[in-house]
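Beneath this line is the structure, given in structure tokens, with notes to follow.
Read the figures in this text as sums done on the coordinates, not as results from a lab. Small disclaimer: the values here were computed from a predicted structure and weren't measured. With ideal geometry, Cβ positions are generated from the backbone for all residues, glycine too; neighbour counts draw on all protein chains shown.
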Amino acid sequence: MILVLLIVILMAGGILALIGGKWSHSFPRGVALASCTVAFLMMLSLWLGRYKGFNIDADSNWLIEYHKEWIPSFGISFHLAVDGLSLLLLVLTCFIGILAVLCSWEEIRERTGFYYFNLLWILAGVAGVFMAMDLFLFYFFWEVMLIPMYFLIGIWGSENRVYASYKFFIFTQASGLLMFLAILGLYFVHGNNTGFYTFNYFELINTEMPPQTAIWLMMGFMIAFAVKLPVIPFHTWLPDAHGEAPTAGSLILAGLLLKTGAYGMLRFVIPIFPGAAAEIALPAMALGVAGILYGAVMAYSQTDLKRLVAFTSVSHMGFVIVGIFAFNELALQGVVMQLVTHAISTGALFIMAGMIKERLHTRDLGQMGGLWTQMPRMGALGIVFAMASLGLPGLGSFIAEFLILLGTFNAQVWITVIAASGLVLSAVYSLRIVQKIFLGPPRGQLAADLSGREMMIMAALTISIVWLGLFPQPIINTARPAIVQLVQMLEPGNSLQSHQSYVK
Amino acid sequence: MENLLWLIPALPLAGFLILATLAVVGAGKKITALVGAGSICLSALVTLVVGADFLGAAHESGTYSQTLWTWLEVAGLSIKMTLTLDALSLVFIFVITFIGALIHIYSAGFMEEDRDYTRFFASMNLFVFSMLILVLADNLLLMYLGWEGVGLCSYLLIGFWYEKPENGYAARKAFTMTRVGDTAMAIALFMLFYQSGTLVIGEISTAAPGIWTPNSTTVTCIALLLLAGGLGKSAQLPLQTWLPDAMAGPSPVSALIHAATMVTAGVYLIARMHVVFGLSEVAQTVVAVIGAVTLLLAGLTALTQHDIKRVLAYSTISQIGYMFLALGVGAWTAAVFHFMVHAFFKALLFLAAGAIIEALHHEHSMFKMGGLKDKMPVIFWTFMAGAISLAALPLISSGFYSKDQILWYAWGAEGGSPLLWAVALLGAFITAIYTARMVILTFWGEAKTEISHYPGKRMTIPLVVLAFFSVFAGFIELPHNFGHFTLFSDLLHGVMPETALRVDVSSEWIFQLLAAAATLGGIGLAYFYYYKQPQRLENLRQDMVLSALHEFWFSGWGFDKLYNVVFVRPFLAIAKLNKADVIDQLYTGIVAGTDGLYRLVARTQSGSLRWYIMGMVIGAILILGIQMML
């Protein structure tokens, strides 16, 4: 029930904000903050409450389930369930949600009701995606997060917002359509095999199909997730969407929406099509490595701060796809870690870009420089997150990238070696960010250092990234049952065995 | 008392955290100095207590470990936050905390006028913490944390005066070039993990002989990758070019990070992993050859520099070259001994040079100094103490004992050879020349720049202490034929093997005489050209070949240019060329194509009846025509 409640709180909060926004300018943000905080506390208490229970020996790694028939004649049900992996991402969703509300606090002054409605519904959609165990429902939530995001970019974005929102919408929608076709394909293949037509994930996971069919259906899923992640050459919507979106929009895009792509691969592509996934492992890893290097070089060349950070995301997500297709526990744990730490470190960089824009009214790096003199606090925090971006040990991102590379080394030595060269390039672009914004001669702009609210946001992010870097074990322990099971599925001869694991 | 080990790195960390808070709150310089220097002094005291206790306890395994918490545990990989103390790390933490404390005290005076006093001490404290973690780590991943942490602090402190863009450039250059080495080292870690199933250094060292057959490709590969990490941090060929530029940082930074401690991390790494290196003759030879070539190249470059700090920087590269040479020939303890002695005298030289530069209105060029012998006597005498040690003046300087040992082992150790020895001897000759040149130009002759103010007590006392150690630290290890006092190597032999010799020790005195002759000859040469007959030097400058050579050496053998052409410019060109993202052009192409097609078709909808009728007629004719043809 707590799972349904999570979605209800977020959606109801959104509607309340929409209605309240007609009368009061500041009411919606209060509602939004309240519902995100309640959702966060709920998920946190769920996590802490279950923390002792995450062990692999338990016969089920699913923690909670909620199952109601929805459209029984088509085999569609309202089916939510979470395991450790989902739970981590849900906690992350609520955490980023709170920060998104806080960083919109002063920035958004127009149509606040509708703004916070969209914000909360995106969060609800993301939360739904992380919980849905019915493929139809999954697709439904996939759309729920897309449309409000389109509005968020299109209405509250900067100059080129319309172009960016169209581009975002078309890329995601077109690839989402492919996924929908693949879902239907899977539905019919399974139905033809068994005479039992259903969208239930736990049933579809055991669908037997000829390898050729599996490849085609998997590609439908894969492309949708690859666009979201993004994997090159599908990344080009990202810099535009990130660049034009309001701060909270960029934060949610980088922190959450990209993660749904990775989650989709872990939850659907590998378990449903283990054989086909193994077939494309090498090309997928090659694309991942290409993304690491290409994103890094692109990031270096950008002059727009938000576009620059967007390209660093392309580079970091390259590590994710390399890690996923390395198919071993080390790399997959690294992937989970990367999902969490990237949300925090890149989110922080976007928030910082927003704060700078509020002060200087520009995203152009050429017009910044020497800001340290006036903003030493932001400068220091900027260095922390630039270091997180280049994977400095002691910060969470290092654990993620180290585990991914270590795991991948076992699978593909040369892929790892090339991917590791991305560590040098990440230093090059990260230090350029610091140099261009904070160092060099001061240009005499007037810019106040961080306010109390801003310090609070950045402090939460800084503490998180350091905590993840020094004490990553809670994350690893939580994800372990799900990851171990995933690895077992991939072992040869194991792929078609039953992996049904319902809640006791 | 050994269980206070954790305090040694914890105190600087606490110092850093307090200073970071103070930077936000805003605090007076007195409190900053007290916290900044106090934390390191306390750490040095704890080091004394722990060290004395450790030596007294005489552990059977020769190590003392303290586990703080489990850092990471995934699928067979288990990394603990464990600190390990053995004789090797004891030497290093001693040098780090003691020289660190002296440099911090000096900085309290040196940086007095600086606006960012708190930021300076915060970064310095963070550095000392990272460096201590590096040498106390019991596993390679924790060492990597310290390893990259010192890189960060080096970056922060090279670019400390951030308003000048060239300082920022130097800082980024240092970070990026060392990162190249770090990445190679990370790959070595991966290989080690899959080969040995652990990253704990002690376990690897114990298991190594059982895992790898000597000289197998794998072990050579691992050793060379580790070496690459060391080359980056220790500024050895071919990753040496960042160190001279790193002199953009304040002088205490150069003394602490770029002379005494961080740049010797590569030496530490190889000494720490000596079992792995010992299994590969190829890797050992590479280490020795790189050391020999580097010491010669950097020495010749130091001969030509004008900036006193750059002379010292190249001299540092050259002296670390000696340490690598020693490691390469298997003279492990000799390398560590030279590290310690070098840390004392080079820190001293940098601090003294900093005091001179500050006294002379931030003048760096030695050709604009001169005549300081009588005006700044304390600086002069302490600088001389460092300089004789650097030049290895026979019998009375520490540098003689540590360098003589390396020269002798370059010939006599199992991995040694006459060629390596000859290069090292030539290097000693060059070292003497550039040291004497530096001293003569700075302190003799006529004064060319007015002295603006004199260093205070906080600056001179550390200099005197360091001068004492620069002269006398060498006496804890005396050659076979000369007292044969081996306190230092005895201490280390629990950790590292004794150096195997290929020749008899009886000939050692010949090599000592030759080394002494090289030093004295070098000093004599410099004295002749720079003091006695400077006009002869002018005549030499007229020579085309010599001046071209001078130019080439002055530029550091053209490495910067080479890297610019091969790496930097192509990268910038690609980045600039593809700024608009060529892949996006594909999608814009699709959009433009659709758009064009739409415009084309839209033109037919003109609203003009004639065109519509015409269109219908043409259509009808076409359809009829096609039908007829079929």
Legend entry - Local net charge near A:G75, Cβ-Cβ under 14 Å (Lys/Arg +1, Asp/Glu -1): -2
Legend entry - 10 Å binning of all Cα-Cα separations within segment A:280-492, expressed as whole percents from 0 upward: 9, 34, 32, 17, 7, 1, 0
Inset, instruction - For a quick protection proxy, order the peptides A:299-307, A:317-325 by their average other-Cβ count within 10 Å, most packed first. - result: A:317-325, A:299-307
Inset, instruction - Compute the separation of the alpha-carbon centres of segment B:528-591 and segment A:188-234 and state it in Å as a whole number. - result: 55
Legend entry - Set B:K233/B:K561; B:K309/B:K375; B:K173/B:K368; B:K29/B:K368 screened for pairs whose C-alpha atoms are more than 23 Å apart: B:K173/B:K368; B:K29/B:K368
Inset, instruction - Report the local net charge at A:A17: Lys and Arg +1, Asp and Glu -1, summed over other residues whose C-beta lies under 12 Å from its C-beta. - result: +3
Legend entry - Per-residue [θ]222 nm for chain A (sum of -39500 (n - 2.57) over DSSP H runs n ≥ 4, rounded to 500): -24000 deg cm²/dmol
Inset, instruction - With the convex hull built on the Cα atoms of the protein assembly as shown, state its orientation-averaged projected area in nm². - result: 55.0
Legend entry - Cα extents of chain A along the three principal axes, largest first (Å): 72, 58, 44
Legend entry - Dimensions (Å) - segment B:1-81, Cα atoms, principal axes, largest first: 48, 39, 12
Inset, instruction - Using only the alpha-carbon atoms of segment A:314-381, report the extent along each of the three principal axes, biggest first, to the nearest angstrom. - result: 47, 21, 17
Inset, instruction - Counting only C-alpha contacts under 8 Å and six or more residues apart, can you give the relative contact order of chain A as a whole percent? - result: 16
Legend entry - Gyration tensor (alpha-carbon) shape descriptor, segment B:119-180, a/c threshold 1.5: oblate
Inset, instruction - In whole angstrom, note down how far apart the Cα centers of segment A:59-131 and segment B:308-338 are. - result: 59
Inset, instruction - Calculate how large, on average over all directions, the projected area of the Cα convex hull of segment B:332-541 is; give the answer in nm² to one decimal. - result: 12.8
Inset, instruction - Put one equal scatterer on each alpha carbon of segment A:83-135, apply the Debye formula with no solvent term, and list log10 I(q)/I(0) at q = 0.13, 0.30 1/Å to two decimals. - result: -0.37, -1.16
Legend entry - Cα gyration tensor shape of segment B:581-629, rounded if a/c is under 1.5, else prolate or oblate by comparing a/b with b/c: oblate
Legend entry - Pairwise centroid distance, computed over Cα atoms, of segment B:196-255 with segment A:293-345, Å: 27
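Using C-alpha positions alone, give me the convex hull volume of chain B per residue in cubic angstrom.
That works out to 269 Å³ per residue.
Go through segment A:357-443 and name the trypsin sites (Lys or Arg not before Pro) that are in a DSSP coil and have 15 or fewer other Cβ atoms within 10 Å of their Cβ.
For trypsin sites (Lys or Arg not before Pro) across segment A:357-443 that sit outside H, G, I, E and B with at most 15 neighbouring Cβ atoms in 10 Å, the list reads A:R443.
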Inset, instruction - Please sort by residue number the chymotrypsin sites (Phe, Trp or Tyr not before Pro) in segment B:556-596 whose DSSP state is loop and whose Cβ has at most 12 other Cβ atoms within 10 Å. - result: none
Legend entry - Hydrodynamic radius by Kirkwood, which averages 1/r over all alpha carbon pairs of segment B:537-604, in angstrom: 17.1
Legend entry - Residue mean of other protein chain beta carbons inside 10 Å, A:424-435: 5
Legend entry - Cβ neighbours within 10 Å from other chains - mean over B:69-80: 6
Inset, instruction - May I have the convex hull volume per residue, in Å³, for the Cα set of segment B:361-446? - result: 104
Inset, instruction - Would you kindly calculate the translational diffusion coefficient of segment B:276-431, applying Stokes-Einstein with the Kirkwood radius from alpha carbon pairs, for 37 °C and a viscosity of 0.692 mPa s, and quote it in µm² s⁻¹ without decimals? - result: 205
Legend entry - Range in chain B, longest, excluding exposed GluC sites (Glu not before Pro) [loop by DSSP; at most 10 other beta-carbon atoms within 10 Å]: B:114-445
Inset, instruction - At a Cα cut-off below 19 Å, give the aspartates and glutamates reachable from B:K164, other chains included and same-chain residues fewer than 8 away excluded. - result: B:E113, B:D114, B:D116, B:D245, B:D307, B:E358, B:E363
Legend entry - Ranked list, fewest to most other Cβ atoms within 10 Å of each Cβ, for A:H25, A:H316: A:H25, A:H316
Legend entry - Fewest-first sequence of B:K403, A:K52 by Cβ atoms within 10 Å of each Cβ: A:K52, B:K403
Inset, instruction - For segment A:206-357, list log₁₀ I(q)/I(0) at each q in 0.10, 0.15, 0.18 Å⁻¹, using the Debye formula over Cα point scatterers of equal strength and ignoring solvent, two decimals each. - result: -0.34, -0.72, -0.98
Inset, instruction - May I ask for the Kirkwood hydrodynamic radius of segment B:272-330, worked out over all distinct Cα pairs and given in angstroms to one decimal? - result: 11.8
Inset, instruction - Starting from the alpha-carbon convex hull of segment B:468-557, give the projected area averaged over all orientations, in nm². - result: 10.3
Legend entry - Pairs of Cα atoms farther than 17 Å apart, segment B:206-285, %: 51
Inset, instruction - Using the structure shown, list the pairs from A:K357/A:K436; A:K167/A:K259; B:K30/B:K373; B:K373/B:K457; A:K22/A:K357 with a Cα-Cα distance above 21 Å, or answer none. - result: B:K30/B:K373; A:K22/A:K357
